[in-house]
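See structure below.
The values are calculated or read from the model by the stated rules, or taken from the named source; none is laboratory data. Note that the structure is a prediction, hence the values are computed from the model and not measured. Backbone-built Cβ (ideal geometry, glycine too); neighbour counts: all protein chains shown.
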Amino acid sequence: MSETKNPLGLTSIPSVSSEGLVPVGRRTSLRSYLAALWGRRHFIVAESRAKMSSSTRKNLLGYGWLFLNPLLSVLAFWFIFGFILQTSRGIQNFLGFLVIGVFFFGYTNRCMSGGTGAIRAGASMIKGFQFPRAALPISIVVRNFLDFIPTLLVMVIVLAVVPPLEVVTWRVFLIVPIVILQTLFNVGLACSLARLGHKIPDLTNFVAIAGRFWLYGSGVFFSIEGRLSGHPALLEAMQYNPMHAYLTLARDCLLYGADSDPKMWIVGTVWAFGLLLVGFLYFWRGEENYGRL
Amino acid sequence: MADSELQEPNIIAENVQVRYTVNTNDPGSRATGIRRLTNKIVGRQGQTTVRALRGVNFVAREGEMVGIVGANGSGKSTFLRNVSGVEQPDRGRILVRYQPLLLGVSAALQPALSGSENVRLGCLAMGLSPEEATEAFDYVVELSALGSAIHRPMGTYSSGMGARLRFAIALAARPKILLIDEALSTGDATFAERSERAMDELLAEAGTVLLVNHAAKVIQELCTRAVWMHRGEILMNGPAEAVAEKYRWWAWNVAKGKEDIADKLLADVVSNAVKEEINILEPELIKNPIPRHAARPSKKKAAPARHVKRQDTVDEVEETPTPMLAAAEEQVWPKSFDAEMPKAKFPSLPKPASQAVSAPRITDSPPLRLNPSKKRVVLRAANPSDRASSVAAADDFTGRRLASRARQIADERYEERQRLRQEDDSPVVHQDSNR
């Protein structure tokens, strides 16, 4: 591509047609982005399972730990709260209350911390090949979901077998929509935190502390209604806490066999779909930046 | 370069500039005042801006294998990362015909899993569907030549075996544009033969390969063209033999500590270097791009040539043989220079399926895809002798593949390369031919 001088002394520059060529690595329209993401669904699942199995394969018991781990946690809670402290804090079936709170909250909490570091953890993949980056936070949620399924099974079985028996009604099946709502909420949370965490790496430290506040604010160890009855304004605000809604719904259907307050359902649904939409759009808008670390 | 300009471009890089802001503990660039105090508190020492690419203009065409040589830190890898779309350049833009594939599948692989599980995972990561991954499995095993080692955990592989597996997985995705960053140097002779063959097939399918390698010999043997990058700029661009030879001579002198000779050589090359510029002709298709900000005007964009500025559709131009061009020539340039003029090639060949390329799916899987159930990938003209369309109709993966026409073309290319290795004085494409 050398220069050619024409009689007027002007340099002519070689021309190439850009017909049929497209800019590389640009953010695509939302529709094709979603389509590409859907095309990668097999990879997301395969990658989550591969990560899971490569982490369990090192252990002698392998997949057994997926069930043993929650079982041992329940045992620990029973030993401390039921056997040594013998506390119930005025809550019916306190062990079940606690177990549901800890496991359901742990699911979201792990998605939160995992999502914050998702871009950083997937840096080598981002530099390696081209794919919709939203696959990273989503695969974090998928991995935690796959971890959560055996936990949920263990929890339901333990609650059904261990002495302070739960009231089993048809409402047990409501746990399925509850888990779905919570998972959607987690996807939105992971996506929005992934972009924030990429912008501000220091957020990882903050998220750990915020998670602890959230833990106490969601009534994992105690009933918010009981504790905050002196502060009606605070209690009212707490009602809109999504985790509190999910925990209340899960406890009502698994433990007490009671109908939940419809307000809880509304709060849970609005949070799930709202954060999913906002978080995903927010993540998608930053698509081009994630390659720079 | 008249010969290669007949080919359609696959990659166009226009004035690509990249700079990184990085931490440094160089005392010279220490901050002052308040800045210094805050740096002290957070434990930082100062920041500096590195210009990794300083305005790279580059075109790679169909069927070209371009070698990139240059010292460490000259911006080769950064350029490949930008071409692959992993990073966005700070200035300038990069246009591609197909999604380039950086040989970086290793990021998706898990050392604890066996080779065969990793083949599946890697194929899915490259965007294949599960069925396609199953089909491609035999091909990967054959190309990587791992034998029974494919069932052992990947963590137990030697570095050469790992590199072979990664290369085979990347090729199983059937990329049209492959970017290789010093990956092939670890394979043994058998694998070198197979990988060359695989890349020849890719080139025969109107693909493009960019190869970064320090061994000038590899570049000379494999590539049709070479580019010498130095401090983020392209110093030389020409036939592989010449460029690699000069680079090798320079690198040898630097290595031997003969700085004065090396500097003289470099000064000579720099003085001869032509700052390349490209005039990108924009068809209407690109003016209406899918990502709505894709047409973000780059600041130093060259104005489109006068005679194509107002061209509306491709078809119109094909029927009337560019009357405006003829008029312009008669006004400004004497007729005797007609042959020398760079031909305004733009509306040469309407590509029937080019809408599919500029349809809003850049991040979609690479176009050539062996999925007999849904033939969604015929991007180029449905010419029966064209490999892309003939393969899309094939039923089984490896059988047809071996019998395919691309195999023949690859053979021809291979023989030609052998012939070229013997007789040195036959330049394939020569950039300075008309200077």
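Of the residues making up the stretch A:134-153, those that are buried (at least 21 other Cβ atoms within 10 Å of the Cβ) and more than 16 Å from the chain's Cα centre (by Cα) number 0.
Are there any pairs, at least 6 apart or on different chains, whose C-beta atoms fall under 6 Å, with the first in the stretch A:238-251 and closer than 12 Å to A:I266 by Cβ and the second at pLDDT below 90, and if so, which? Going by the 6 Å Cβ cut-off, the qualifying pairs are A:A245/A:M264; A:L249/A:S260; A:L249/A:M264. A:P70 falls short on exactly one of the conditions (1) surrounded by 14 or more Cβ atoms within 10 Å (Cβ to Cβ); (2) on the phi > 0 side of the Ramachandran plot; (3) more than 7 Å from every other protein chain (Cβ to nearest Cβ), and that condition is (2). For B:L235, are the conditions met, namely being modelled with pLDDT of 80 or more and under 30 Å from B:M161 (Cβ atoms)? In short, no. Only residues that are under 17 Å from B:K217 (Cβ atoms) and touching a strand residue (DSSP E or B) at 6+ places or on another chain (Cβ under 7 Å) were counted in the stretch B:239-272, giving 6. Filtered by the rule that a residue be of a type in the set (V, I, T), surrounded by fewer than 24 Cβ atoms within 10 Å (Cβ to Cβ) and out of contact with any helix residue (DSSP H, G or I) (no Cβ under 8 Å at 6 or more places or on another chain), the stretch B:68-108 gives a lone residue, B:T78. Being within 21 Å of A:T151 (Cα to Cα) and surrounded by fewer than 14 Cβ atoms within 10 Å (Cβ to Cβ) holds for only one residue in A:A50, A:A76, A:A46, and it is A:A76. Among residues of the stretch B:194-234 being without any contact (Cβ under 8 Å) to a residue 60 or more places away in the chain and aliphatic (A, V, I, L, M), the one that is nearest to B:V254 (Cα to Cα) is B:A215.
Checked against (1) in contact with a Cys (Cβ under 9 Å, 6 or more places away or on another chain); (2) loosely packed, with under 15 Cβ neighbours inside 10 Å, B:M65 meets all criteria but (2). Listed here are the helices (runs of 4 or more DSSP H) enclosed by the stretch A:160-230 that have at least 3 residues being at pLDDT 80 or above and among the polar types (S, T, N, Q): A:175-199. The residue list A:V220, A:V187, A:V270 contains one member that is surrounded by fewer than 19 Cβ atoms within 10 Å (Cβ to Cβ), aliphatic (A, V, I, L, M) and closer than 26 Å to A:R143 by Cα, which is A:V270.
Entry remark, the stretch A:36-64: residues being at the interface with another protein chain (Cβ under 7 Å from one of its Cβ atoms) and free of Cβ contacts under 8 Å to residues at least 40 places away in the same chain number 6 in total.
Against the numbered list (1) farther than 20 Å from B:L102 by Cβ; (2) within 14 Å of another protein chain (Cβ to nearest Cβ); (3) polar (S, T, N, Q), B:T208 comes up short only at (1).
With A:T151, A:T116, A:T169 as the choices, which residue is touching a Pro at 6+ places or on another chain (Cβ under 7 Å) and touching a residue at least 24 places away in the same chain (Cβ under 8 Å)? From the options A:T151, A:T116, A:T169, the qualifying one is A:T151.
Do the conditions hold for A:I138, that is, is it assigned to a helix (DSSP H, G or I), under 30 Å from B:L178 (Cβ atoms) and modelled with pLDDT of 85 or more? Considered against the rule, which asks whether it is assigned to a helix (DSSP H, G or I), under 30 Å from B:L178 (Cβ atoms) and modelled with pLDDT of 85 or more, A:I138 comes out as yes.
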